[in-house]
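Have a look at the structure below before the remarks.
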Amino acid sequence: MIRFPRQFTWGTATSSYQIEGAWQEGGKGLSIWDAFTHTPGKIIDGSTGDVSCDHYHRWEEDCDAMAAMGLTAYRFSLAWSRILPTGRGAVNPEGIRFYSALIDRLLDRGIEPWVTLYHWDLPLTLQLEMDGWLSPGLASVFRDYAAVCFEQFGDRVKHWITFNEPWVVAILGHGQGIFAPGRVSTDEPYRAAHTILRAHGQAVRTYRDRFQPRQQGMIGMTNNCDWREPLTRDRDDAAAAERAVEFFLGWFADPLYRGEYPDCMRERVGGRLPVFTPDDRTMITGSQDFFGLNHYTTMFAAKTRPGAAVETTPFGNGGIAEDQDVQLSAHPAWQKTEMGWSIVPWGVRKLLHWIDARYGHPPVVITENGCAFPDVPSGGTVDDQRRIAFLDAYLAEIHRAIDEGVDLRGYFLWSLMDNFEWSSGFTRRFGLWHVDYTTGVRTPKTSAAWFSGVIAENGFVPMEGNPYGAVPGEPRHD
Ligand code: PNW
């Protein structure tokens, strides 16, 4: 039996645009994701989040079903445009009422709300009028929105996440253009990221000055990072793997903990990388109470070898490739989820150690981890044994990292229910609950009962012969 530390937080995660629907109800303004999904060709199945899981109308039953599973924490995001329909100015009371009631019901059911302020659904007006995150001025607009949320919900919300995965906003939204706002550029990712870091800093300063002393909550940012394992023992490949993680995670976490972008980024990106003013640096350094981490996969990294086979994942390779000079690949024996992401459980342990070492042993919370598989209902349930095997294998490595000294405080599974998977539309299912998008009916998969058991026991008995348990490539010796 593997047991987790007492007080370990177990939860599931979702985000507003992916589950709520009701895109034009309750006084909500439009967001960049409403505009993006309504642009032909952007989403592989032509779908939108207009209705999605219809959580906006089913939130009560959803809370009750979460409670029945024994969940003790739930991470969700606020749709900025429900609270401030044009991003700033007058507050929409219906939006406040919706989230307030949700928070109350969760607490009433013994579920702690972990609230993300920004999970990518920027009010469309701010994109059109200000150019979104490309405008330095958006930082203070975000701060003011954050202050409304602290004011309205901070008496009950004790865990705040300012931003979900700024890397995705920067690279997929402003570099590759496959996520909203759909821009393609080699310098805009760095500019957007810079505004986000400044916005985070300002919001945290506001929280700490005006709310935290009274409300006593914790605040942080959530960053995503895959692990990069050196392809060979060659020194150049080790350096490439290190560079890849610095370009992925150090880009955001270095400013938060060290007040500066990684050296390798400053050297390689040069004039396209913005510079922090002394004030910004002071504001951003030390601006999180916990390290939020989303982790999904691992790849080998090597120095670019001309002509070598390169693996491209569905979402590109972790940054602006030319800036990094890193070539990614996967071990031929690695199995993959339906996202095309390799299942390499030991990668999460290595990444946790990397974070622990580089940032001085911070408290870490895994705010997302999970997998998509083609889950087909049959006989009233979905028997998703592969998801259980995935979770069993990843949680075993996560537990080992804790044993080895990493200060890991919690684990949130992505996701509570199947939902709108961004540019993949409804073609990828990450949920513990299967969702029928024509009827809205939720059906717990086998993994939901398994995860309930983990929470109830604060641990689990590892699966024997887990097909994802003994994964090669650590490190690759040839
Ligand atoms: C995260 N990548 O997105 C998000 O926080 C969720 O909203 C999303 O549903 C989940 O992971 C599953 O995709 C990511 O390309 C999207 O590396 C893309 C990447 C990583 C995370």
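Summary of values
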| read-out | value |
| --- | --- |
| Charge dipole magnitude, Cβ of K and R +1, D and E -1 - the chain, Cα centre, debye nearest 20 | 660 debye |
| FRET efficiency, residue 449 to residue 275 (Cβ-Cβ, R0 56 Å, nearest 0.05) | 0.60 |
| FRET efficiency estimate (nearest 0.05) - Cβ-Cβ, residue 108 to residue 361, R0 35 angstrom | 0.45 |
| Charge dipole (region 2-460, unit charges on Cβ, about Cα centre) - positive-most of 24, 396, 360 | 360 |
| DSSP bridge pairs, the chain: antiparallel proportion in percent, nearest 5 | 25 percent |
| Distant alpha-carbon pairs in region 233-386 (separation over 19 angstrom), percent | 62 percent |
| Rough spin-label spacing in nm, given labels placed 7 Å along Cα→Cβ, for residue 38 and residue 61 | 2.8 nm |
| Antiparallel DSSP beta bridges within region 194-336, as percent of all bridges there, nearest 5 | 30 percent |
| The chain: DSSP helices with Cα axial extent of at least 20 Å and average Kyte-Doolittle hydropathy no lower than 0.0 | 93-108, 138-153 |
| Kirkwood hydrodynamic radius over Cα pairs of region 357-419, then Stokes diffusion coefficient at 20 °C and 1.002 mPa s, in µm²/s | 157 µm²/s |
| Mean Cβ count within 10 Å, highest first, over the residues of peptides 335-346, 162-173 | 162-173, 335-346 |
| Qualifying lysines (Cα of each under 23 Å from Cα of residue 350; at least 8 residues distant if same chain) | 303, 336 |
| Gyration tensor over alpha-carbon atoms, region 388-478, equivalent ellipsoid semi-axes in Å | 28, 18, 13 |
| Calculated [θ] (222 nm, deg cm²/dmol) that DSSP helices of n ≥ 4 give over the chain, each run adding -39,500 (n - 2.57) | -10500 deg cm²/dmol |
| Cα-based equivalent ellipsoid, the chain: semi-axes from gyration tensor eigenvalues, Å | 30, 28, 22 |
| Virtual spin-label span in nm between residue 437 and residue 282, 7 Å along Cα→Cβ | 5.0 nm |
| Nearby aspartates and glutamates by direct alpha-carbon distance to residue 28 (threshold 17 angstrom, same-chain neighbours under 8 apart not counted) | 20, 50, 54, 94, 121 |
| Gained length - residue 155 relative to residue 464, 0.36 nm times residue gap less alpha-carbon distance | 106.7 nm |
| 12 Å Cα-Cα reach of residue 158 towards aspartates and glutamates, excluding residues that sit fewer than 8 places from it in its own chain | 112, 289 |
| Residue 128-residue 216 FRET efficiency (beta carbon distance; Förster radius 35 Å; 0.05 resolution) | 0.35 |
| Residues 8, 98, sorted so that the one with the fewest Cβ neighbours within 10 Å comes first | 8, 98 |
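Read-outs: derived from the displayed coordinates by stated rules, not from any lab. Nothing here was measured: the structure is a model prediction, and the numbers come from that model. Neighbour counts are summed over all protein chains in view; Cβ atoms, including those assigned to glycine, are modelled from backbone coordinates with ideal geometry.
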